[in-house]
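The values are calculated or read from the model by the stated rules, or taken from the named source; none is laboratory data. Keep in mind that what you see is a predicted model, and the values were worked out from it rather than measured. Positions of Cβ are generated from backbone atoms using ideal geometry, with glycine treated the same way; all protein chains shown enter the neighbour counts. To get the accessible areas, we keep the full protein, side chains included, count just its heavy atoms, and leave off ligands, DNA and RNA. Shrake-Rupley method; radii C 1.70, N 1.55, O 1.52, S 1.80 Å.
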Amino acid sequence: MTQAYLNRIATAVPHDDVHQAFVDFADTMLENPKMQPIFQRMAQRSGIEHRYSVLTPQQHLGPEGSPEGATTEFVINAHEFYTLGRFPDTAQRMAIFERFAPRLAQRTLDKLALTDEERTGITHILVTTCTGLYAPGLDFDILDHLGLDPTVERTMIGFMGCYAAINGLKQARHIVRSEPAAKVLLLNLELCTLHLQETQELEQVLSFLVFADGCAASLITAEPTGFALDSFKSILIPETRDLITWRIRGAGFDMLLSGKVPAEIGKALATTGHGALGPHSLADITLWGVHPGGKSVLDAVQRGLNLPEDALNASRDVLQNFGNMSSATVMFVLEKLMQTAKPGELGCAMSFGPGLTAETMLFHAV
């Protein structure tokens, strides 16, 4: 059977760092003075220093020549978009997604730096996103930006949350194994900051604290470079379906992210997590590509699998510098691992999302 390889990854984020601006804004949104110091403490302990958004945190529009060569015409002021008492409806949020998602996708694809041979050889496009919908969609934008043959097969993997990238890699592997000449382009793009909700619920405000915008693009072929995609396994945690929910409402996409999630992940990995390793033991795995859903999630994974202190350094670094970008995030972690991986090193990637589900992947560096 043909072996599929994740040849390389490129990543990009919008130019505006909004983390501190959000912390300040959320503090004013919480009306209960008893909640404000709790939120501030949690923000300081979040393990996050930077998060990026297509919305500018500035009170005033930037001058012409601002990032991406944008003029004031292309800047969406977060303070106007999220005005207390009149947050935007779903249509307004989707209009921003349709406007800015293709631009971030194009920047990321340009960083992937496909050769002419690679570009003309692309046979399949896979796109994962759970934060925006429109049609014709991002798959058509990719087709146009790269000048691809219109016969390229396109598949959208939608609304699967943070673990969608692992499913995208799984589908790419199926394609390459069945069509050895296939070249699959995978794009994972999320604009999570478009879905902030006005609320006085501390748990919900804390869930918004981790999310950010980002994009990853990758090439999967039978060419033996990068990471070999060895096997995949899905772990569904029983009786946890109400802990992560994601529904489209009139005022945007409404997420519920329970504070019980880390503990449930930790318990599940302690009892069944070793099953994801197949014939390998924990000692065999030196590359851990764990989705940084939040600091408490990474701590739970580390405890649940009894990993060494530095095992999740790549994940913690991505969390610190970019936050949680839903489906794109694990690809940022894999990109970081790929930069220093040595041939023969074994790896395990995992992402968590609605279900409560852990999608896992075994791989090795070549």
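General remarks:
- The number of residues in region 31-58 that are in contact with a Leu (Cβ under 7 Å, 6 or more places away or on another chain) and either more than 20 Å from Asn324 (Cβ to Cβ) or open to solvent by less than 40 Å² (accessible area, probe 1.4 Å) (or both) comes to 9.
- Test for Glu190: is it open to solvent by less than 10 Å² (accessible area, probe 1.4 Å), charged (D, E, K, R), outside any helix (DSSP H, G or I) and touching a residue at least 60 places away in the same chain (Cβ under 8 Å): yes
- Filter pass, Gly132 being open to solvent by less than 10 Å² (accessible area, probe 1.4 Å), modelled with pLDDT of 95 or more and out of contact with any helix residue (DSSP H, G or I) (no Cβ under 8 Å at 6 or more places or on another chain): no
- Those residues of region 162-186 which are open to solvent by 10 Å² or more (accessible area, probe 1.4 Å) and under 19 Å from Val330 (Cβ atoms), in sequence order: Cys162, Tyr163, Asn167, Lys170, Gln171, Arg173, His174
- Unmet requirement for Leu256, which otherwise passes all of (1) open to solvent by less than 60 Å² (accessible area, probe 1.4 Å); (2) within 30 Å of Ile38 (Cβ to Cβ); (3) of a type outside the set (S, T, N, Q): (1)
- Hey, Thr128 under 20 Å from Thr225 (Cα atoms) and either without any contact (Cβ under 8 Å) to a residue 12 or more places away in the chain or polar (S, T, N, Q) (or both) or not: no
- Of the residues making up region 41-84, just one is at pLDDT below 50, assigned to a loop (DSSP other than H, G, I, E, B) and of a type in the set (Val, Ile, Thr), namely Thr71.
- Residue ID - nearest to Gly294 (Cα to Cα), chosen from residues in region 333-350 that are open to solvent by 10 Å² or more (accessible area, probe 1.4 Å) and touching a Gly at 6+ places or on another chain (Cβ under 7 Å): Leu337
- In region 100-139, the residues that are assigned to a helix (DSSP H, G or I) and among the polar types (S, T, N, Q): Gln106, Thr108, Thr120
- Residue that is surrounded by the most Cβ atoms within 10 Å (Cβ to Cβ) [pool: residues in region 214-253 that are within 26 Å of Cys192 (Cβ to Cβ) and among the β-branched types (Val, Ile, Thr)]: Ile220
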